[in-house]
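Following: one structure in C-alpha cells, then a few remarks.
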Amino acid sequence: MQTKKRITQQDVARRAGVTRSMVSYVLNGTDRAVAAGTREKILRAIDDLGYRPNRFARALLMGESAALADNQIGLVLCNAEVFLRPYYAEIIAGIHSAAHEHGYHIRFIRFFDELKDPVLFNQLIHSEEVCGLLLLATDQCLKDENDRRIITRIKERIARIVCVEWKAEGLSSVYLDRQDAAWKATAYLFGRGCTDIAYIGEFDERVAGFRQAFLERGLGDISRLSITNARDMPSGYEAVRGLHSAEGTLPRAICAGSDEVAIGILQYLNERRIRIPEDTAIISIDNIEMSAYTSPPLTTVNVQKRAMGCRAVEMIVHNSTGKDDNALIVSLPTTVVVRKSA
C-alpha cells in the first residue's frame, strides 16, 4: 500500500516561489520582515496544499498517526464570550465530564474565527489530530459565505462532527428547540391568566415560539405586543427600562429569552419597587444555577445543559454521528420549573 506523500515546508516554498526560510518565518510567527504580498502567497500555498506543521513526524513515519487521534476531541466555540456565560459553562462542563468518563481528551479549545488562519486550520482540523469535533454555538458567528465555507471544509476533513446547541444542514447535532421552549414559557403565562405579555430576548426561534402561543389562542393580531431584543443582563435591564419609559406602564407579564436577560429585568423592577409577580410576572428560559437565588426566584424553562454536552461527546465516542441523510438530530426535552416570579 502506497503511503501518501507528506507535504513539507519545501513543497510550500516551491508552490509560493519563495525560500524555505520565508515559509518558516510565517509558520513561526516571526514574519515581520516578510512583505505582505509574500506572506499572502505563502498562506495561499499552505491552504492549497493542506500543509500542517508535523509535530507527530515520528508517529507518522511509523504508521501510528491514526492511533494518536483515537481518543482526542476538538472543541470549537463561537467566541470568547462563551466562557463568561453560565449557560454555556454548564454545557462545557458536561463535555469535559463525559470525555473524562469515557477516557477521551479535549485535544484543543479554539474559537471559530481562529480557523480562518490556514496554518492553524490545517494543523488542527485533521484526522491525525482529532477523531471528532464539537462545534458549540457556532451558528452565532456564521456571518457570510466564507464562514459557511469553513464549515463545509471541516465537514470534508473530520468524520465525526456534532453541532452543540444548534443545527447545521448535513451534520449531526444536539440542540435546544428554542421555539418550543419559548412556546412553553408563553403558554405557562397564558395558563396563569396573563394575555398582556412582552417578549424580551434575542431575535431567533424564540420569537416564533412566543408568537405561536398567541396564534394558537386565536390572538392573530399581535402588532400591539412588545418584542425587545436583548441577550444578557445589561441589555435585559436596558430593554425593560426602555419599554417602561416608552409606554409608561409595563405589561402584565414578560417572557425573557434567557435567565440572564431575566436577571437584568428583575434588577430594574426591584429598583422601582414593582411587585413581582403581582404587578408584572416574569418567566425565562435556561434554568441556570443562579435563577433559583434571584429575588424572587425565577420561574423558568429548564434546558438540559450538561446533558447536551454529555450527549454530544457520547455521539463521538459511539461513532453515531452521521452526515447528510444519515445525520442524527437530538433535541433534549425541556420542562417548566415553577418558582415565585410567575
Let me spell it out: the conditions are (1) at pLDDT below 95; (2) under 30 Å from V336 (Cα atoms); (3) assigned to a helix (DSSP H, G or I), and N122 meets all of them except one. Which number is the exception? (2)
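Given the criteria surrounded by fewer than 17 Cβ atoms within 10 Å (Cβ to Cβ), within 21 Å of the chain's Cα centre (by Cα) and on the phi < 0 side of the Ramachandran plot, does D259 qualify? Please lay out each step first, then the result.
Details: surrounded by fewer than 17 Cβ atoms within 10 Å (Cβ to Cβ): no; within 21 Å of the chain's Cα centre (by Cα): yes; on the phi < 0 side of the Ramachandran plot: yes.
Taking the combined requirement at face value, the residue does not satisfy it.
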Taking R110, is it surrounded by 19 or more Cβ atoms within 10 Å (Cβ to Cβ), basic (K, R) and within 20 Å of the chain's Cα centre (by Cα)? no
I'd like to check which strands (runs of 3 or more DSSP E) are fully inside the stretch 127-204 and have at least 2 residues that are more than 25 Å from N287 (Cα to Cα). 132-136, 160-164
When G103 is evaluated against the numbered criteria (1) part of a helix (DSSP H, G or I); (2) modelled with pLDDT of 90 or more; (3) more than 24 Å from A168 (Cα to Cα), which criterion, by number, is the only one it fails? (1)
Tabulated pairs, the stretch 1-12, first under 21 Å from V23 (Cβ atoms), second at pLDDT 60 or above and of a type in the set (G, A, S), C-beta under 9 angstrom, 6+ apart or interchain: I7/G50; Q9/S24; D11/A45; V12/A45
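Looking at the stretch 298-309 only, could you name the residues that are surrounded by fewer than 19 Cβ atoms within 10 Å (Cβ to Cβ) and closer than 16 Å to G257 by Cα? Let's see the steps before the verdict.
First, the residues of the stretch 298-309 that are surrounded by fewer than 19 Cβ atoms within 10 Å (Cβ to Cβ): 302, 306-307.
Answer for the stretch 298-309, where residues must be surrounded by fewer than 19 Cβ atoms within 10 Å (Cβ to Cβ) and closer than 16 Å to G257 by Cα: just N302.
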Restricting the stretch 221-241 to residues that are out of contact with any strand residue (DSSP E or B) (no Cβ under 7 Å at 6 or more places or on another chain) and part of a helix (DSSP H, G or I), the one surrounded by the most Cβ atoms within 10 Å (Cβ to Cβ) turns out to be Y237
Tell me whether the stretch 149-171 contains one or more residues that are among the aromatic types (F, W, Y), out of contact with any helix residue (DSSP H, G or I) (no Cβ under 6 Å at 6 or more places or on another chain) and in contact (Cβ under 8 Å) with a residue 24 or more places away in the chain. no
Every pair of residues 6+ apart whose Cβ atoms lie under 6 Å, when the first sits in the stretch 313-342 and is closer than 30 Å to Y188 by Cα and modelled with pLDDT of 95 or more while the second is outside any strand (DSSP E or B) and among the aromatic types (F, W, Y): V336/Y188
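If only one of A292, A312 is on the phi < 0 side of the Ramachandran plot, assigned to a helix (DSSP H, G or I) and either surrounded by fewer than 16 Cβ atoms within 10 Å (Cβ to Cβ) or acidic (D, E) (or both), which one is it? If you could, list the steps in order and put the result at the bottom.
Values: A312 fails: either surrounded by fewer than 16 Cβ atoms within 10 Å (Cβ to Cβ) or acidic (D, E) (or both).
Of the residues listed, the single one that is on the phi < 0 side of the Ramachandran plot, assigned to a helix (DSSP H, G or I) and either surrounded by fewer than 16 Cβ atoms within 10 Å (Cβ to Cβ) or acidic (D, E) (or both) is A292.
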When (1) in contact with a strand residue (DSSP E or B) (Cβ under 7 Å, 6 or more places away or on another chain); (2) at pLDDT 95 or above are applied to E90, the one that fails is (1)
Identify all residues within the stretch 239-268 that are within 30 Å of I91 (Cα to Cα), of a type outside the set (G, A, S) and touching a helix residue (DSSP H, G or I) at 6+ places or on another chain (Cβ under 8 Å); write none if there are none. V240, I254, C255, D259, E260, V261, I263, I265, Q267, Y268
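The values are calculated or read from the model by the stated rules, or taken from the named source; none is laboratory data. As the structure is a prediction and not an experimental result, all values here were calculated from the model. No Cβ is skipped: glycine too gets one built from the backbone with ideal geometry, and neighbour counts run over all protein chains shown.
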